[in-house]
Amino acid sequence: MRHFKTDKPSGSTNNAIGSSFIHESAVKQVIGKAAYIDDRPEEVNSLHAYPVLSTISSGKILSIDTSDALQIEGVVAIYGTQDIPGKNDIGPVFSGDILLTDDVIEYHSQPILLVVATSYQTARIAARKVAIEYQETAAVIDIKEAIANKSWVRPPHALHRGDAQQAIKDATHQVSGELYVGGQEHFYLEGQVSIATPTEDGGMFIQSSSQHPSEVQHLVAKVLNQPFNYITVEMRRMGGAFGGKETQAAPWACLAALAAYYTGRSVKIRLSRSDDFKSTGKRHPFYNTYQVGFDDNGLITGVDIDINGYCGYSPDLSDAIVDRALFHADNAYYYPNAHINGNRCKTNTVSNTAFRGFGGPQGMIMAEQLVDDIAYYLGKDPLEIRKLNLYAPGRDLTPYKQKVEQFILQDMIAQMEQESDYWARKAAIESFNKTSPIIKKGLSLTPVKFGISFTVQHLNQAGALVVIYSDGTVHVNHGGTEMGQGLNTKIAQIVAQTLSIDMQHILVNATRTDKVPNTSPTAASSGTDLNGMAALNAANTIKERLFEFAAKHFDVKPDSLALVDNQLTHEKGQISFAELINLAYLNRISLSSTGFYATPEIYYDREKAEGHPFFYYAYGIALSEVEIDVLTGENTVTRVDILHDVGNSINPALDVGQIEGAFIQGMGWLTTEDLSWNDNGVLASNAPATYKIPAIGDTPAEFNVTLYDSKNPATTVFKSKAVGEPPFMLGISVWSALRNAVASITDYQFAPSLNTPATAECVLGAVQVAKDWLQDQKSGKQGTDKKGTGDA
Ligand code: MTE
Ligand code: HPA
Ligand code: MOS
């Protein structure tokens, strides 16, 4: 059952906001008309390029022999580092991300050369024919080795308040634990792809499946040693991105541009699925430890958390990602005394990158682990411990000293407890488990509090360009990119509402760097917050001009003017919007405007580790019910209830779609998506056959998503809230429910730790730990004491 408002009556245009318009591309996608880069007709004489990828993870190149490859018919050229006219370093924030290497190899499948040929197949085959000799050195794959060597891609950073160690020592009870948190492959349906076409001015026109067209523009310019104004990037839509195309679409565009620069022809690069798996970064795996002190009621008095992100070989975005893990290691709970340290560990693997939640999920899961551990230790219900420790008035300061100002989780949980029958279901599950020897059920309700804003301050800005043609139709450009999330649809709704015209008069299509410049990535869930506000400002500028003109032209009082239902109304009468526009045109009124927006109030002082990094928080809760088979570890999610806060929803259907998709993606991350590298750093799980994302059959049989009824107290566009990432972390409830099911074996006295992904194998391991613990208790052995959380 889905709970959301359906389409408003089409008679009125003053309520575009809040209506469930279908996604701007939906019909085109269903009938196959929505074009992705690889669907575009190719230019005459187009070429294809394919990278030569390293076959070792660590070492040096001794020799390269391209003679066999060059002999293959159709091979046009092979380029290497010496051919790069500008910079070979394409690091987005810090240096260290290399386009091609001719010397040191730092990860398996690192690009070395670029083969250019007349067909895709030829380029791929020739790339494999390049003979390279290496001197191999031992690769660092294990994160604990990197930690022991203090091998970082960026220096550590820590949050602190009070004396955490003293507070833990002084507490009535202490618990400690550790958790390995797995990474995740983005598995966008459309892989990395780019086409570069030389322009008549000697510049480059780039089509790139990128969340960050401006950065692609800048990096192509740097690689080719050209000014920014000679490079234009266009991005119509992505077939999914999920963070994987924030920085890591750029190298492929740069390589295509390098080949186009020399050949003077249009060049396309598209990675095969398994090369995309191997040579692009993923969600960072983490290894985290914690200690917590608390009183008899389970009230937390101090925490000490150590967070270690597995960054791969270079900085990429890892500094900001580990920061976001730190900022979310409290999740929704108040830690009076806290020390939270974050390490950026360097390993000989591909550089890990942004992925929905951007490190937040890997930090947040620690908070959920420690509240669960407190509950099992004290023999209390985990939900009671969660409620007790929530941020509340007077207990409102985060470890980075931002004050929490909205306290809706209490009410959301109360609503869920009642509407989803938490207590009755919990009782039923406990009695079921007593009599069911093989199938055990588990239940868990976990909250999400997610900070909205880029943690890099200057990225919190956006531009838009609204143009009205003389027939009254509107074209909107903005700095954001469409990746399936429905951004273009929401932006059209914002403009429709502002001008009070029907949606069919508004077109939002390709993002282009020559229309809206200096844009930020569409990331941090901020696409609508930033670009929507910029589009609103642009539309309002034109609206003001129209009102000023109409007041004079019709000789009416300015405050009698209103745009309503495709009309301009005033004290003397009315005129249709299209007529008004034509009249304004004839009277030489400018009908286009840019709009700009910069998020107010946010800052972060890194020296002091404090500030106000987030404009506001988005909230949600999920209640998941699972079943495990204690003989095999197999498990199923049987029912999920979600209550999520999107503020005043701009488009309830799109928001519910984002919540459903994010939850399922989060569940996949924590249960079945198992990245596996061998000791040499080769990714063994590099195709759908060996890497399991959730399928439709994994969707919970009962899946209820409800939007929480509230407006954003922060001044966002129409009081809405960002939705893209926050519900991803609702998936943590599945993992917590799996632990709850395992804990039933010990009568909830002890819950083994459950590393993620909690695959069937991993759940079975935890079941064994629980059974051993029980055996030890029965035979009177001291064995594992209650304080340990064991290790599955
Ligand atoms: N939804 C779809 N369908 N496809 C995607 O690639 N990316 C997610 C989220 N939802 C994604 C998605 C991520 S990681 C982010 S940051 C946001 O969308 C970005 O878009 P927004 O800021 O417009 O919400
Ligand atoms: N989220 C996503 N991308 C980013 C961020 C962030 O917080 N900061 C810099 N790039
Ligand atoms: Mo999303 S990980 O911020 O692209």
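Probe of 1.4 angstrom, ligands and nucleic acids ignored: what's the accessible area per residue over the range 33-132, in square angstrom?
46 Å²
Computing the accessible area with a 1.4 Å probe over protein heavy atoms, can you report the carbon and sulfur percentage for the chain?
51 percent
Let me know the shape class of the range 676-792, please: from the alpha-carbon gyration tensor, a ≥ b ≥ c as square roots of the eigenvalues, rounded when a/c is under 1.5, otherwise prolate if a/b is greater than b/c, or oblate. Before the final figure, lay out each step's value.
On the way: a/c = 2.48, a/b = 1.51, b/c = 1.65.
Because a/c hits 1.5 or more and a/b fails to exceed b/c, the range 676-792 counts as oblate.
Can you give the FRET efficiency for Asn225 and Asp698, using 1/(1 + (r/R0)^6), R0 = 60 Å, r = Cβ-Cβ distance, to the nearest 0.05?
Details: r = 49 Å, r/R0 = 0.82.
E between Asn225 and Asp698, to the nearest 0.05, is 0.75.
Can you give the extra length, in nm with one decimal, that the chain gains between Thr435 and Ile72 once fully stretched, where that is 0.36 nm per residue apart less the Cα-Cα distance?
Roughly 123.8 nm would be gained on extension.
Using the Cβ atoms and a cut-off under 13 Å, what net charge is assigned to the surroundings of Cys254, where Lys and Arg are +1 and Asp and Glu are -1?
Net charge around Cys254: -2.
From the helices alone, meaning DSSP H stretches of at least four residues, give me the mean residue ellipticity at 222 nm for the chain, per-run term -39500 (n - 2.57), in deg cm²/dmol to the nearest 500. The partial results should precede the final answer.
Values: 19 runs with 225 residues, N = 792.
My calculation for the chain gives -9000 deg cm²/dmol from helical runs alone.
What pairs from Lys268/Lys692; Lys434/Lys778; Lys144/Lys778 go past 26 Å between their alpha carbons? Numbers along the way, then the final one.
On the way: Lys268/Lys692 29 Å; Lys434/Lys778 17 Å; Lys144/Lys778 35 Å.
Beyond 26 Å: Lys268/Lys692; Lys144/Lys778.
May I ask you to derive the FRET efficiency for Gln749 and Ser151 from their Cβ-Cβ distance with R0 = 35 Å, giving the value to the nearest 0.05?
The value I calculate is 0.30.
Quick check: pseudo-label points 7 Å beyond the Cα along Cα→Cβ at Arg40 and Asp565, how many nm apart are they?
About 4.3 nm, to one decimal.
Just list whichever of Lys403/Lys711; Lys87/Lys515; Lys515/Lys608; Lys245/Lys441; Lys150/Lys282 have alpha carbons separated by over 28 Å in the model shown. Provide the component values of the computation, followed by the final result.
Details: Lys403/Lys711 19 Å; Lys87/Lys515 26 Å; Lys515/Lys608 39 Å; Lys245/Lys441 39 Å; Lys150/Lys282 22 Å.
Pairs exceeding the cut-off: Lys515/Lys608; Lys245/Lys441.
Could you list the trypsin sites (Lys or Arg not before Pro) in the range 144-200 that lie in coil according to DSSP, counting only those with at most 12 other Cβ atoms within 10 Å of their Cβ?
Qualifying residues, ordered by number: Lys150.
Give me the 1.4 Å probe accessible area per residue for the range 671-792, excluding ligands and nucleic acids, in Å².
41 Å²
Please check which bits of the range 305-346 a label hung off Asp142 would reach, taking the label as a point 7 Å along Cα-to-C-beta and the cut-off as backbone N under 16 Å.
From the range 305-346, the list is 346.
Over every pair of different alpha-carbon atoms in the range 139-270, take the mean of 1/r and invert it; report that Kirkwood radius in Å.
About 18.3 Å for the range 139-270.
Modelled label-to-label distance, Ala551 and Thr199, 7 Å Cα→beta-carbon offset: nm?
Roughly 4.1 nm, to one decimal.
Test of the criteria: in the range 694-739, which trypsin sites (Lys or Arg not before Pro) are in a DSSP loop and have at most 14 other Cβ atoms within 10 angstrom of their Cβ?
Listed in order of number, the matching sites are Lys711.
At 1.4 Å probe radius, can you tell me the per residue accessible area of the range 582-622 in Å²?
52 Å²
Binned at 10 Å from 0, what are the whole-percent values of the Cα-Cα distance distribution for the range 476-589, short to long?
For the range 476-589, the pair-distance distribution reads 14, 41, 27, 16, 3.
Under 11 Å from a label point 7 Å along Cα→Cβ of Ala689: give me every residue in the range 252-295 with its amide N that close.
Hits in the range 252-295 for Ala689 at 11 Å: none.
Want the number for Glu634 to Asp103: 0.36 nm per residue separation, take away the alpha-carbon distance, what's left?
Additional length available on full extension: 186.5 nm.
What dipole magnitude, in Debye to the nearest 20, does the chain give about its Cα centre under +1 on Lys/Arg Cβ and -1 on Asp/Glu Cβ?
Roughly 660 debye for the chain.
With contacts defined as alpha carbon pairs under 8 Å and 6 or more residues apart, what's the relative contact order of the range 326-409 in percent?
39 percent
Residues of the range 514-543 with the amide nitrogen closer than 20 Å to a label point 7 Å from the Cα of Tyr585, along Cα-to-Cβ, please.
Within reach of a label on Tyr585: 539-543.
Can you order the peptides 575-581, 371-377, 528-534 by their average number of other Cβ atoms within 10 Å per residue, highest first?
528-534, 371-377, 575-581
Can you list the aspartates and glutamates whose alpha carbon is less than 15 Å from that of Lys169, not counting same-chain residues fewer than 8 positions off?
Asp295, Asp296, Asp304
Can you give the charge dipole size of the range 517-646 about its Cα centre, rounded to the nearest 20 debye, using +1 on the beta carbon of Lys and Arg and -1 on the beta carbon of Asp and Glu?
In total the dipole reaches around 940 debye.
If I stretch the segment between Ser576 and Asp514 completely, what's the gain in nm (0.36 nm per residue apart, minus their alpha carbon distance), one decimal?
Here the answer is 19.1 nm.
Mind checking the dipole of the range 292-443: about its Cα centre, +1 per Lys or Arg Cβ, -1 per Asp or Glu Cβ, Debye to the nearest 20?
It comes to approximately 340 debye.
By what distance, in whole Å, do the Cα atoms of the chain stretch along each of the three principal axes, largest value first?
92, 78, 50
The values are calculated or read from the model by the stated rules, or taken from the named source; none is laboratory data. The model shown is predicted, which means the values in this text are computed figures rather than measured ones. Don't worry about glycine lacking a Cβ; one is built from the backbone with ideal geometry, like all the others, and counts go over all protein chains shown. With ligands, DNA and RNA removed, areas are computed over all heavy atoms of the protein, side chains included. Shrake-Rupley method; radii C 1.70, N 1.55, O 1.52, S 1.80 Å.
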